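Report on one structure; see the data block that follows.
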Amino acid sequence: MRRQVVASPPGWLAPLRARVPVPRRSPEQVTAAESPIEQRPAGRPRIMRAGLSITGAAFAAVFYCLSFTPSLLPRAWFLQGVVAGITAAMGYALGTTIGALIRLRRPFRDRTVMIAWRVLIALVPLLVVVFLWLGTRWQRELRGRLGMEPAQEYDVARTVGASLLTFGLLLLIARALRLTTHGFAWMFRRIVPDRAAYCAGTVVVAMLSYGAFDGLLVAQLFTMADRSAAVINSGTGNGVVVPASPLRSGGPQSLVAWDSLGRQGRAFVAGAPTREQLDGFAGRPATEPIRLYAGLTSARTLEDRAALVVREMDRTGAFDRAVVAVITPTGTGWVDNKVTRSLEYMYAGDTALVSMQYSYLPSWAAFNGDRSEVVDAASALITAVRERWAAMPEQTRPKLLLFGESLGTYGLEKTFGTAENLVQGSDGALLLGPTFANPVHRQLTDARAEGSPVWDPVYPDLPVEFAENAATLRELTGDPPKVVYLQNASDPIVWWSWDLLWKKPQWLIGERGPDVTPDMHWYPGITFWQTMCDLVFANKVPTGHGHVYKSETVDGWAAIAPPPGWTVADSLRLRALLDS
């Protein structure tokens, strides 16, 4: 058979291609089932010349439109634009893959592709306009449901611009990777068949891409987060000064140095209300509250820091107070001041609040990094305080309360392991916004009473109460619960999970939470991605929605450990004070 050397592409691939003879074939003999290398004609590199895939474009259009469907929380225009662009790119990748698999069995005819493009060009603009209009209406309704101001009308144009820019950038990156794959394939063709060469090129590019993503992007992201958090941790917030009271860590006679507390620790010990403020709310003379904290550098090990906190408690007379609360903070060591103040106002300052830092990283970094840190820290501090507390006579020891928010709930649950141990481990535990990884929360939710919704489960076998709205806790009758979970129905921290990729979640089946829009539906992959994006702005919504609890803790504390004579009117009055 005669062989003829085909025209080789320009540049560095030309000498390599010229050595490999390819038999002359008619256009009918070239099919999509053959190697992409052999189909590539001479000319400019494919990153500049290759057209869009018809199946990829169709899927991209569908995914783009679905990205405007509502999720748990409203989205700012720039976030919606990025979400839409990335979602369209995901659709394009899926559609291109499906199209390639179809062509392996039966190639598309040119006429069929041309007709499909005409239909697509005619329908897509209309479809996009419809979903932009629907998306604007959905976002307006969702913002109204959460008590937020409506978005600006011109945000639609900015959203479209951001989405096109995002999609174009991702498409450019994908084309560059494909060109690189072809380059490696041309090199491997010298020693292996075409298909094997292309597979080898794909594997090499995939490995290099993963290495660059994991080793450069992700590693650098965590490094930058670590450096930034370390700098922030060394600073002090505005208005935060060294306490003059010996009842605070870092103050006079304290065993803990002020400089060792970290930024959040300094804010914690300095943020207590004054006696005058407590007097005014209680209507009677109040007691100065105790706040104790150990930072990362306050002692060498976790156990040493926990022991230091207990020595501080003995020094300040913490075990003589009406209430001792052990607080597991978030990743940075932060404790919401409305959580702490609510308990101090309720008990007119007759409280001792203690906490300990285990990281200075944001919760997302600490959660995705090493979760054992929060578990070890929570276990060390709770164990140390409980041992000292349990050694006291039962008639004279204070109420022991436990608190955790977000990542702190994970450490609290892992410390006890089971729901039964959590109930028996203290006089009361309040957990706000538990994460999807919490083992006890998952155990209780899965074993809930039949007919109770997943966002407000009923578990009759233990004194555990769930509340998607703190106000419902005021209606409880009978014996008070020992454990209270506050979990907003629109909190993505609670409801995001990996199985959202392929399975419709229980919180979108049947009766929905009061702040979850009925217009939200589950779409494979898309709902997973949308809920993940909700995590970014989970704290940018009003109290009682998303991951914002704040003054709702008043109702939580009142449910598990109300002071003598406390009423619903007192709860409402205190919530109004904290919210103001």
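Where a number appears in this text, it was derived from the coordinates with a stated rule and is not lab data. This one's a predicted model, so the numbers in the text were calculated from it and none came from an experiment. With ideal geometry, Cβ positions are generated from the backbone for all residues, glycine too; neighbour counts draw on all protein chains shown.
What share of the DSSP beta bridges in the chain is antiparallel, in percent to the nearest 5?
If I count the DSSP bridges inside the chain, around 5 percent turn out antiparallel.
Using packing as a proxy for protection, rank 276-289, 241-254 so that the peptide with the highest average count of other Cβ atoms within 10 Å comes first. Before the final figure, lay out the partial values.
Numbers: 276-289: 15.9, 241-254: 17.9.
The peptides rank, most packed first, as 241-254, 276-289.
Might you report the magnitude of the Cβ-based charge dipole of the chain about its Cα centre, with Lys and Arg at +1 and Asp and Glu at -1, to the nearest 20 debye?
3960 debye
Take each uninterrupted DSSP H stretch in the chain, measure its Cα extent along the helix axis, and return the ones at 30 Å or beyond whose mean Kyte-Doolittle hydropathy is at least -0.5.
Helices meeting the criterion: 77-105, 110-145, 155-188.
Take the Cβ-Cβ distance between Ala391 and Leu462 as r, set R0 to 30 Å, and report the resulting FRET efficiency rounded to the nearest 0.05.
Values: r = 27 Å, r/R0 = 0.88.
Rounded to the nearest 0.05, the efficiency is 0.70.
As a footprinting exposure proxy, order Tyr293, Tyr523, Tyr347 by other Cβ within 10 Å, with the fewest listed first.
Listing Tyr293, Tyr523, Tyr347 from fewest to most nearby Cβ atoms yields Tyr523, Tyr347, Tyr293.
Can you sort Trp455, Trp117 by how many other beta carbons sit within 10 Å, fewest first?
Exposure proxy ranking, most exposed first: Trp117, Trp455.
Using label points projected 7 Å from each Cα along Cα→Cβ, tell me how many nm separate Ala471 and Val113, to one decimal.
Each label point is offset 7 Å from its Cα along the Cβ direction, giving 6.0 nm.
Can you tell me the order of 80-87, 499-506, 531-538, 154-161 when each peptide is scored by its average per-residue count of other Cβ atoms within 10 angstrom, highest first?
80-87, 531-538, 154-161, 499-506
Please list 444-454, 163-173, 104-114, 409-419 highest first by mean number of surrounding beta-carbon atoms within 10 Å per residue.
Output ranking for 444-454, 163-173, 104-114, 409-419: 409-419, 163-173, 444-454, 104-114.
Restricting to lysine pairs 8 or more places apart or on different chains, what number in the chain have Cα atoms under 18 Å apart?
5
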